[in-house]
There are 2 protein chains.
Amino acid sequence: MSAAQGAPETEFRDRTRRAQTMMHEAGLGALLLTTEPEVRYFSGFLTRFWESPTRPWFLVVPAEGAPVAVIPAIGAHLMGRTWIADIRTWRSPDYADDGVSLLAETLTECAGPNGAVGVPSGGETHLRMPLSDWADLCRRLPGLRLTDDGGLTRSLRMTKSPGEIGQIRESCAVADRAFARVPEIAWGGVPLSEVFRGFQILCLEEGADWVPYLAGASAPGGYADVISPADARPLAAGDVLMLDTGLVRAGYFCDFDRNFSVGPPDRRVSDAHARLIEATEAGFAAARPGVTASDLFHVMDRIVTGGAGGSEAGRLGHGLGMQLTEPPSLIPADQTELRPGMVLTLEPGVEVEPGRMIVHEENIVIRDGGAEWLSTPSGAEIAVLDA
Amino acid sequence: MSAAQGAPETEFRDRTRRAQTMMHEAGLGALLLTTEPEVRYFSGFLTRFWESPTRPWFLVVPAEGAPVAVIPAIGAHLMGRTWIADIRTWRSPDYADDGVSLLAETLTECAGPNGAVGVPSGGETHLRMPLSDWADLCRRLPGLRLTDDGGLTRSLRMTKSPGEIGQIRESCAVADRAFARVPEIAWGGVPLSEVFRGFQILCLEEGADWVPYLAGASAPGGYADVISPADARPLAAGDVLMLDTGLVRAGYFCDFDRNFSVGPPDRRVSDAHARLIEATEAGFAAARPGVTASDLFHVMDRIVTGGAGGSEAGRLGHGLGMQLTEPPSLIPADQTELRPGMVLTLEPGVEVEPGRMIVHEENIVIRDGGAEWLSTPSGAEIAVLDA
């Protein structure tokens, strides 16, 4: 297994073959992929260089055979360490033609001049190339039909392989160990921004390759927000501190949080935390093949709101894997049937009082007989930090 | 100044006013922005939650008055801490209508039913919303013209304010201190993956809020690649170790690297490093208002290749700020005239032998009289680590 791949070549061949079966059924002559997880899913191309928005990257999956990479020359060496053999490059950035003509040729070759090319276009996707280049590509290929992939890529990626599940489990274990060490870095008086820095250091010390995501808050009796970066306010007695991390190891995320009471919790906080754990355990118990994402939502929503049907956060969990958040969404409208190998977060929240909430999150994988924890589940009692 | 903003409100008002002057000249009734830096540039909305690809976020800049946020409800509280007062939300994800109708109404209100809406569409941009929702939006607004913004957003962002330059300088200082401590974490026998973890820890200890980007390599006499993640190979005598970081503090990046010789460098390595410093200093000396990005390229290219006109990496530096890489590009084709306030990287590379290169990078800001260093420039001698 090459370091650049993160999985054995057989797995990439298998993903490609399954995509091709679905492409055949959908009448697609090729798939065009432009985002980091889509390109990596079929190639194993793992780099943090996507942080630079300058250059577009393309992977074309033909109806038969291995994918073709159409990429900036700066990536040729790394792509050459994956299983992809057909690597076509240009010197990017090229203001006259930033890969568009090379991509147009490749699509025509793979799908035929009058074929159909699937492009992931539905929810949670985007096209990572300039809109003007996209328009130019469409103009250059008047016979070719550039169309939605019908959710094919989404559907394939939603079920994880044993290797992928193992990687997510390892990422969860890293976060488990980091969360267990929070008392080393957080107590009354420490600014939240220092807690955030310290927690990221713990994640790295425990084995994270990098820490793409950390959000959280610390506020009296609950917080108003779960997506804010840290400010410099010191932790204070009576605060609930929440840390929610998406760290990466070998290209796979975990995504879960932990709550801490700074000093002894008041009754409303400890009750709220216990209710969250009850909701999470109910979600876990209900999670099995054939149940829907919507069912899981309702099981937890009954416990955290009495069945109000949702909150402003919009969902009570989601898929997880090569991205921090992936389909499905645990919302009333999501009728996705759970299948063995799906990795999910369970993420119920309760409003302690208007404008003050607590949110809890765990990671699970769906197995034949039911669910299995990937994160080590919290007990009902909220952890307490020195005030 | 609010923690969510990162700049005083007057600065956001000023950016908006300057955009509106350019919009007026271009005949645009509104701007539609969908990506993290575009939204943050006009609003101050700073969150790591963009790591989740699930939800689209929109900011509409009208021809007059303050921008309007059209965002998922989960972001309302944080957006409420910025200067944006008109915040329109929906519960996302909504599979029936993920903000599209709310956005369509807002665009019609801001630009009029037959107005023109500028959308950043040129090089280095993308549209961060599903392609199917974009098509739906265009269908709902038959009178409205959704068109390129003519590079307006790019042009505005390219010149940094004194506040932005100060933030980038602070990020550079954090990286300077972390690079100075590399001998604490790297020597012969330490696996590169541990060096990467240790270096990210140093960045956090020295004051990074987070470390979105780290790439590098360690290989005998130079490396084949500058975008790879770390593997577990231990550093060995004769290696050149390169670490290239884009860390963030208060929402602004630095982007520069340092090279280290593991044990004493051989002559070719020390010569190559000295040549890189010579090229960087020549770039620095040439960088002043009125000179073009292309000119800077040629000044450095003459020294590193004798004037070959470039390499597979495609450029010898670029803009920097809210993103790791921003326009302009130091390439022959980029005729952007340097202006005071532009922040650039100078990033020459030399090929030591086929497949073995060394790349050096510094960060500078253009001032009236010339350039000023933001990173503390390296000397000609390559730093040496214990073998």
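The values are calculated or read from the model by the stated rules, or taken from the named source; none is laboratory data. These figures come from a predicted structure and were not determined experimentally. Positions of Cβ are generated from backbone atoms using ideal geometry, with glycine treated the same way; all protein chains shown enter the neighbour counts.
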Of all residues in segment B:355-379, how many are over 22 Å from B:ALA178 (Cβ atoms) and in a loop (DSSP other than H, G, I, E, B)?
5
Which one of these does A:ASP257 not meet: (1) in a helix (DSSP H, G or I); (2) in contact with a strand residue (DSSP E or B) (Cβ under 8 Å, 6 or more places away or on another chain); (3) under 15 Å from A:ILE364 (Cα atoms)?
(1)
Matching residues, segment A:127-138, being in a helix (DSSP H, G or I) and at the interface with another protein chain (Cβ under 7 Å from one of its Cβ atoms):
A:LEU131, A:SER132
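Condition check ((1) touching a strand residue (DSSP E or B) at 6+ places or on another chain (Cβ under 6 Å); (2) modelled with pLDDT of 95 or more; (3) among the hydroxyl-bearing types (Ser, Thr, Tyr)) across all residues:
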{"residue": "B:VAL343", "(1), (2), (3)": "yes, yes, no"}
{"residue": "B:GLU347", "(1), (2), (3)": "yes, yes, no"}
{"residue": "B:GLY355", "(1), (2), (3)": "no, no, no"}
{"residue": "B:VAL359", "(1), (2), (3)": "yes, yes, no"}
{"residue": "B:GLU362", "(1), (2), (3)": "yes, yes, no"}
{"residue": "B:ILE366", "(1), (2), (3)": "yes, yes, no"}
{"residue": "B:GLY370", "(1), (2), (3)": "no, yes, no"}
{"residue": "B:SER378", "(1), (2), (3)": "no, yes, yes"}
{"residue": "B:VAL384", "(1), (2), (3)": "yes, yes, no"}
Search result, residues across segment B:35-46 that are facing another protein chain (nearest Cβ under 10 Å), out of contact with any His (no Cβ under 8 Å at 6 or more places or on another chain) and under 21 Å from B:PRO130 (Cα atoms):
B:GLU36, B:PRO37
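Residue-wise test of (1) closer than 20 Å to B:ARG157 by Cβ; (2) in contact with an Asp or Glu (Cβ under 7 Å, 6 or more places away or on another chain); (3) part of a helix (DSSP H, G or I); (4) without any contact (Cβ under 8 Å) to a residue 40 or more places away in the chain.
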site: B:ARG288; (1), (2), (3), (4): no, no, no, no
site: B:LEU296; (1), (2), (3), (4): yes, no, yes, no
site: B:SER311; (1), (2), (3), (4): no, no, no, no
site: B:ARG315; (1), (2), (3), (4): yes, no, no, yes
site: B:LEU324; (1), (2), (3), (4): yes, yes, no, no
site: B:PRO327; (1), (2), (3), (4): yes, yes, no, no
Condition check: crowded, with 22+ Cβ neighbours inside 10 Å and within 22 Å of A:PRO212 (Cβ to Cβ). Does B:ALA178 satisfy that?
yes
When you scan segment A:160-174, how many residues do you find that are in contact with an Asp or Glu (Cβ under 8 Å, 6 or more places away or on another chain) and over 13 Å from A:GLY341 (Cβ atoms)?
1
Hits in segment A:344-375 (condition: closer than 16 Å to A:ALA313 by Cα and charged (D, E, K, R))
A:GLU347, A:GLU351, A:GLU353, A:ARG356, A:GLU361
Being at the interface with chain B (Cβ under 9 Å from one of its Cβ atoms), farther than 28 Å from B:ASP231 by Cα and of a type in the set (A, V, I, L, M): is that true of A:ILE227 here?
yes
Do we have A:PRO332 as out of contact with any strand residue (DSSP E or B) (no Cβ under 8 Å at 6 or more places or on another chain), assigned by TED's automatic domain parsing to the domain that holds A:GLU184 and not basic (Lys, Arg) here?
yes
Considering (1) part of a helix (DSSP H, G or I); (2) in contact (Cβ under 8 Å) with a residue 24 or more places away in the chain; (3) within 10 Å of another protein chain (Cβ to nearest Cβ); (4) over 17 Å from B:PHE49 (Cα atoms), say which one A:VAL195 fails and leave the rest.
(3)
Hey, does segment A:139-149 have a residue that's part of a helix (DSSP H, G or I) and surrounded by 18 or more Cβ atoms within 10 Å (Cβ to Cβ)?
no
With criteria (1) in contact with a helix residue (DSSP H, G or I) (Cβ under 9 Å, 6 or more places away or on another chain); (2) surrounded by fewer than 22 Cβ atoms within 10 Å (Cβ to Cβ), B:ARG55 comes up short on (2)
Considering segment B:297-325 alone, what residues qualify as being closer than 15 Å to B:GLU361 by Cα and within 10 Å of chain A (Cβ to nearest Cβ)?
B:ALA313, B:GLY314, B:ARG315, B:HIS318, B:GLY319, B:LEU324, B:THR325
Over segment A:83-135, the set of residues of a type in the set (Asp, Glu) and surrounded by fewer than 17 Cβ atoms within 10 Å (Cβ to Cβ) is A:ASP86, A:ASP97, A:GLU105, A:GLU109
Single match in B:VAL240, B:VAL269, B:VAL248, B:VAL262 (criterion: more than 18 Å from B:SER378 (Cα to Cα), in the same structural domain as B:GLU381 (by TED's automatic domain parsing), modelled with pLDDT of 95 or more and β-branched (Val, Ile, Thr))
B:VAL248
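Condition check: modelled with pLDDT of 95 or more, under 21 Å from B:ALA215 (Cβ atoms) and not small (Gly, Ala, Ser). Does A:GLU51 satisfy that?
Answer is yes for this residue.
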From the list A:GLU381, A:GLU361, exactly one residue is under 25 Å from A:VAL174 (Cβ atoms) and exposed (fewer than 14 other Cβ atoms within 10 Å of the Cβ). Which is it?
A:GLU381
Evaluation of A:CYS203 against (1) at the interface with chain B (Cβ under 9 Å from one of its Cβ atoms); (2) within 26 Å of the chain's Cα centre (by Cα); (3) not in a strand (DSSP E or B) (one fails), failing number
(1)
Among the residues in segment B:65-72, are any crowded, with 23+ Cβ neighbours inside 10 Å and either touching a residue at least 60 places away in the same chain (Cβ under 8 Å) or farther than 27 Å from A:SER121 by Cα (or both)?
yes
Evaluate the following for A:ALA272: is it surrounded by fewer than 16 Cβ atoms within 10 Å (Cβ to Cβ) and in contact (Cβ under 8 Å) with a residue 40 or more places away in the chain?
no
